[in-house]
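The values are calculated or read from the model by the stated rules, or taken from the named source; none is laboratory data. Remember, it's a predicted structure, so these values are computed and weren't measured experimentally. Every residue, glycine as well, gets a Cβ built from its backbone with ideal geometry; the counts of neighbours run over all protein chains shown. Heavy atoms of the whole protein, side chains included, go into the accessibility calculation; ligands, DNA and RNA do not. Shrake-Rupley method; radii C 1.70, N 1.55, O 1.52, S 1.80 Å.
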Amino acid sequence: MMRTMLRHVNLCINFIYKTCSSAMMEDDYEDEVDNERGWYDDTAIDDDDSDSPSSEDQEARNAKIQTECLSKFSRQDFIMEPEIFVQLKRYFQSGGNPEQVIDLLSENYHAIAQTANLLAEWLIMADMNILEVQSIVEDHLRELIIRYFDPKKADSIFTEEGETPAWLTEMIEHHTWRSLIYKLAEDYPDCLMLNFTIKLISDAGYQGEITSISTASQQLEVFSRILKTSVGNILEGGEELLKKNLHEFTRMVCHGEHTYLYSQTLLHLLAQEPKGGSNIKRLSQETSAYVQSTDHNATPITMALIGAAAVPRACQALSAMLCKKALNPADITVLFKMYQAAEPPPVELIRVPQFLDLLMDSLFTPGIKINPDHKPKYIYLLAYAVSVHEQVKKGTTRRTVSKEELKTTSQAIEKVHLICNEKKGSSELIPELGTLYQCIRFPIVGLGVIKWVDFTVSEKSYFKLSTEHTPLHLALLDEVATCHNTLHQKVLELLIRLFEKPQEDLDVLVQLEMKKMLLDRMVHLLSRGCAVSVVNYIKTCWQRQDTDISLIRYFVTEVLDIIAPPYTQEFVTLFLPLVDNKDITGTMKFEGGNDPVSEFITFCKTTYLAPN
């Protein structure tokens, strides 16, 4: 362990000598490097070079070599440099004075690396933990390198040594110094030495660590490896890992226009694969949504990938709306007429998520007025995009279009749009409940209802003016959760926002009752199959200690009332710590263990946690 720590220190100090500015070491010399002939080519002489140099030329050449070598020998701690033997050989072969070399090397030997090692040994002898000593030394050296790093001097490493330095190869084997390289690469993206080191790190198999490095985006080979690793990890990790890593992934892909085009082209091709293609398409759409949220316009790339160039008029109309991020009646009319024709364009053109979001906002956000003459066109295009199924016959380009659900979907959207477009209270919605519950069975209407409920209940005075225990708007979310598993996450996100939103206008007891009502909605969501996400959120609230313990107890009680074995291992891992916590369930246990809490704990510990 001691040798490993000292080796770390020596590697880092060597890195400082090679890459940091002379101001750090108080050296006033300047490196004079002839980039054409390098350090070790002693055959070059002045412009009057000839096949057989005269003795005068040879003396001038030897004098020049001695001057170069003496300049290096005058550097601080040069005796520790890997090239010391090469320079000594050059110096003596040119007739240099050994005594002068000994004097220069000894006078300029400050033993910085050895002093650092000695201090580290003293700290360890004083009973300080060796890992703590290593951390102190590494952190200090890291700060020095970041402060004094000189990209020009770092780039000269390859000029001096002519090949990849052994110490650099050894350095990237340690995570501490790899993380330092990542940091420097972000700060100095044009440094050739850092770009090369990033490639070395990728070649060594650590590409999973450098997903956030913008420098890697400039090297196709490195970027391809990182993209492959990132996509593979996201696909294997499922929804939770997607949410965790999506921002980092999209930031890397959207680093530049070239990385975005390259990545989206690969994702587009992979999305056509029968196995896992839908997940890849989701990833591609999330990336497209991210870039649209920035100041960049990626619409031309999106249009090219979905083949919009084959339908110029539709491409022009759709591109204009996506670029402006707003719907235009004239462009909507163009699309409407084309999709009503006997041979409509491919439905894929209007399934761009950004376009669907614009239609959803227009139709399900209260207060937005649409010209009555154009409203049916908005509804038709949205219904067409979500309900029409196309199939291409093998060996041909002919498409069979199935519109069986188009009419009913259009009618459902229109009915709910008329309800959502006006701001209605719970009492005014009662006559419309039959229509709402009937139309919510359509997935697009369920999503629209979530958007409408979100807008309505987010008003500051909503809960203050509400008189029901369970507002009708939120009760509709239960029906959405019952009908559509794919919308569970959307419903949960809305409930979480409401649960965490401060309600300062409400009395404390009223706030508790409101949060219990929201917990009831989460328990219903859990009963419909969204168990892991719901329990994971409540466990996070408990760990953060920012939620009243009585609310956690209420949730646990309600869940225990509706669940029964068998349970998944993941559910037990998340829920058992809540049930087994005395602060939460201590008052819920009876003597003899004849209660839901004790029964659940006993069952789980015997069935899932029993020793093998």
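Computed from label points 7 Å out along Cα-Cβ, the spacing between residue 493 and residue 83 is 5.6 nm. Electrostatic bookkeeping for residue 458 treats Lys and Arg as +1 and Asp and Glu as -1; over the other residues with beta carbon under 10 Å from its beta carbon, the sum is +1.
Annotation: for a label point projected 7 angstrom from Cα along Cα→Cβ of residue 405, residues of the stretch 436-471 with backbone N closer than 18 Å are 437-450. Computed from the C-alpha gyration tensor, the three semi-axes of the ellipsoid equivalent to the stretch 303-342 are 16, 15, 6 Å, from longest to shortest. Taken over the stretch 387-506, the percentage of Cα pairs per 5 Å bin, counting from 0 up to the bin with the maximum distance, is 2, 10, 19, 19, 17, 11, 7, 5, 4, 3, 2, 1, 0, 0.
Considering only 463, 586, 122, and ranking their Cα positions along the charge dipole of the chain that arises from unit charges at the beta-carbon of Lys, Arg, Asp and Glu, the one farthest toward the positive end is 463. Helix 549-562 axis versus longest C-alpha principal axis of the chain: approximately 60°, rounded to the nearest ten. Placing a label point 7 Å from the Cα of residue 580 along the Cα-to-Cβ direction, the residues of the stretch 531-548 whose backbone N falls under 19 Å from that point are 532, 535-544.
Here the extension length gained between residue 93 and residue 357 equals 87.3 nm, from 0.36 nm per residue of separation less the Cα-Cα distance. Once the chain from residue 568 to residue 244 is taken as fully extended at 0.36 nm per residue, the excess over their C-alpha distance is 114.4 nm. Within the shell of other residues whose beta carbon sits under 14 angstrom from the beta carbon of residue 229, the net charge comes to -3, with Lys and Arg scored +1 and Asp and Glu -1. The spacing between the stretch 468-501 and the stretch 93-171, judged by their C-alpha centroids, is 61 Å.
What number, rounded to the nearest 500 deg cm²/dmol, is the helix-based mean residue ellipticity at 222 nm of the chain, given -39500 (n - 2.57) per DSSP H run of at least four residues and division by all its residues?
Value at 222 nm, helices only: -20500 deg cm²/dmol.
Subtracting the Cα-Cα distance of residue 74 and residue 468 from 0.36 nm times their residue separation leaves 133.3 nm of extension gain. Here's how it looks for residue 188: its modeled amide H is under 5 Å from none belonging to a residue 5 or more places away or on a different chain.
How much FRET efficiency would the formula 1/(1 + (r/R0)^6) give for residue 261 and residue 147, where r is the Cβ-Cβ distance and R0 is 45 Å, rounded to 0.05?
So the FRET efficiency works out to roughly 0.75.
On a per residue basis, the chain carries 53 Å² of accessible surface, using protein heavy atoms and a 1.4 Å probe. Rounded to the nearest Å, what's the spacing between the alpha carbon centres of the stretch 366-380 and the stretch 213-290? Just the number, please. Each part's Cα centre sits 36 Å from the other's.
Taking the C-alpha atoms only, the angle from helix 531-544 to the longest principal axis of the chain is near 60 degrees. Here the stretch 354-440 yields Rg over Rh of 1.09, to two decimals, using C-alpha coordinates and the Kirkwood radius. Counting charges near residue 556 (Lys, Arg +1; Asp, Glu -1) among other residues having Cβ under 14 Å from its Cβ returns a value of -3.
At a Förster distance of 35 Å, what's the computed FRET efficiency of residue 333 paired with residue 365, Cβ-Cβ distance as r, to 0.05? Here the calculated transfer efficiency is 0.95. Remark: relative contact order (the chain) = 6 percent; criterion is Cα-Cα distance under 8 angstrom and separation of 6 or more residues.
The trypsin sites (Lys or Arg not before Pro) of the stretch 415-497 meeting both criteria, a DSSP state outside H, G, I, E and B (loop) and at most 15 other C-beta atoms within 10 angstrom of the site's C-beta, are 423, 441, 460.
If a spin label sat at a point 7 angstrom from the Cα of residue 251 along the line to its beta carbon, the backbone N atoms of the stretch 185-202 nearer than 15 Å would be those of 185-187.
Between the stretch 510-572 and the stretch 180-208, the alpha-carbon centres lie 45 Å apart.
Can you bin the chain into rounded, prolate or oblate? Criterion: square roots of the alpha carbon gyration tensor eigenvalues sorted a ≥ b ≥ c, rounded for a/c under 1.5, prolate for a/b above b/c, oblate for the rest.
Taking the square roots of the gyration eigenvalues as a ≥ b ≥ c, the chain is oblate.
Determine, from the Cβ-Cβ distance of residue 164 and residue 269 and an R0 of 35 Å, the FRET efficiency 1/(1 + (r/R0)^6), rounded to the nearest 0.05. After rounding, the FRET efficiency stands at 0.50.
Taking all protein chains in place and a 1.4 Å probe, what share, in percent, of the accessible surface of the stretch 498-546 do carbon and sulfur account for? Ligands and nucleic acids excluded, carbon and sulfur reach 47 percent.
Along the stretch 357-363 the Karplus relation, 6.51 cos²θ - 1.76 cosθ + 1.60 evaluated at θ = phi - 60°, assigns HN-Hα couplings of 4, 5, 5, 4, 4, 5, 8 Hz to successive residues, with x for each Gly and Pro.
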